[in-house]
Amino acid sequence: MRSTALVQIPVGVVVERCKAKSRWVDFLWRPVSVLAGQAAAAPWTMLDMEAETALFFAGEAVVALHRTETTNYRDNLTSGAPALWVALRPVASEPPYEILAVTADPSEGEAFTDAGSYVVAAVPMPANVAEAVGRFIVEHHVERPFVKRRRQPAAPEPASSGNRKGAGK
């Protein structure tokens, strides 16, 4: 499938694995950070381990920027805590997740939570990614005024003398 993104920013995803306090699962996984640029490490390289917690470089992804989403990107950058949303999809192998997407669009990030089986987390946006998103907004944002549509009154149903179910009985 061909991307409609005007800009693609390469990033690497760091995931944390913690020992679960549950009898049904052994570990809990969650995205904890995103690194700007291309990585030199292979996917699922262990970066650090302390007691019952380990950090892994999960792999590379791209943050795709689309001109129709500049308002969402702007809202993200001006929120005071710019974030990227990382979505992991479960797989039937080890490691148990693969990177589904990384996005700067808060609406898209929230939409990933609808699937129910994805692990989705907002992580801090690296400064150089924020700068690239900011440049994209300056170059491509077009202010679109909000237009509230008025509802049209329902048209009255024509009276019919036809054979309606239950009519005339």
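The values are calculated or read from the model by the stated rules, or taken from the named source; none is laboratory data. Keep in mind that this is a model prediction, so the values were computed, not measured. Neighbour counts are summed over all protein chains in view; Cβ atoms, including those assigned to glycine, are modelled from backbone coordinates with ideal geometry.
Identify, from the list Ala111, Ala122, the residue that is touching a strand residue (DSSP E or B) at 6+ places or on another chain (Cβ under 7 Å) and small (Gly, Ala, Ser).
Going through Ala111, Ala122 in turn, the sole match is Ala122.
Report the residue count in region 83-96 for those that are of a type outside the set (Val, Ile, Thr) and more than 17 Å from Val62 (Cα to Cα).
Count: 6.
Suppose the filter is on the phi < 0 side of the Ramachandran plot and in contact with a Lys or Arg (Cβ under 6 Å, 6 or more places away or on another chain); does Glu60 pass it?
Answer is no for this residue.
Look at region 99-119 and say how many of its residues are touching a residue at least 40 places away in the same chain (Cβ under 8 Å) and either among the charged types (D, E, K, R) or closer than 19 Å to Ile9 by Cβ (or both).
5
So, in region 115-169, how many residues would count as being among the acidic types (Asp, Glu), under 30 Å from Ala36 (Cα atoms) and modelled with pLDDT under 95?
Matching residues across region 115-169 total 2.
Of the numbered conditions (1) outside any loop (DSSP other than H, G, I, E, B); (2) at pLDDT 95 or above, Met49 satisfies every one except a single condition; which is it?
Every condition holds for Met49 apart from (2).
Anything in region 1-23 that is in a strand (DSSP E or B) and either under 17 Å from the mean Cα position of the chain (by Cα) or of a type in the set (Lys, Arg) (or both)? List them, or say none.
Val7, Gln8, Ile9, Pro10, Val11, Gly12, Val13, Val14, Val15, Arg17, Lys19 - these are the residues of region 1-23 that are in a strand (DSSP E or B) and either under 17 Å from the mean Cα position of the chain (by Cα) or of a type in the set (Lys, Arg) (or both).
One line per residue, one yes/no per condition, for (1) part of a strand (DSSP E or B); (2) within 20 Å of Met125 (Cα to Cα):
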{"site": "Val25", "(1), (2)": "no, no"}
{"site": "Ala39", "(1), (2)": "no, yes"}
{"site": "Ala42", "(1), (2)": "no, no"}
{"site": "Gly59", "(1), (2)": "yes, yes"}
{"site": "Thr68", "(1), (2)": "no, no"}
{"site": "Asn76", "(1), (2)": "no, yes"}
{"site": "Ser79", "(1), (2)": "no, yes"}
{"site": "Trp85", "(1), (2)": "yes, yes"}
{"site": "Leu88", "(1), (2)": "yes, yes"}
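Residues to consider are Ala41, Ala58; find the one that is within 17 Å of Glu98 (Cβ to Cβ) and at pLDDT below 90.
That would be Ala41, the only listed residue that is within 17 Å of Glu98 (Cβ to Cβ) and at pLDDT below 90.
Of the residues Ala58, Ala39, Ala64, only one is within 16 Å of Val13 (Cβ to Cβ), surrounded by 16 or more Cβ atoms within 10 Å (Cβ to Cβ) and under 14 Å from the mean Cα position of the chain (by Cα); which?
The conditions single out Ala64.
Within region 11-30, is there a residue that is in contact with a helix residue (DSSP H, G or I) (Cβ under 9 Å, 6 or more places away or on another chain) and over 18 Å from Ala111 (Cβ atoms)?
Looking for residues that are in contact with a helix residue (DSSP H, G or I) (Cβ under 9 Å, 6 or more places away or on another chain) and over 18 Å from Ala111 (Cβ atoms), one finds at least one in region 11-30, hence yes.
Collect the residues in region 90-114 that are part of a strand (DSSP E or B), hydrophobic (A, V, I, L, M, F, W, C) and either crowded, with 23+ Cβ neighbours inside 10 Å or modelled with pLDDT under 95 (or both), keeping them in residue-number order.
Val102
Identify all residues within region 115-152 that are surrounded by 12 or more Cβ atoms within 10 Å (Cβ to Cβ) and of a type in the set (Val, Ile, Thr); write none if there are none.
Across region 115-152, the qualifying residues are Val119, Val120, Val123, Val129, Val133, Ile137.
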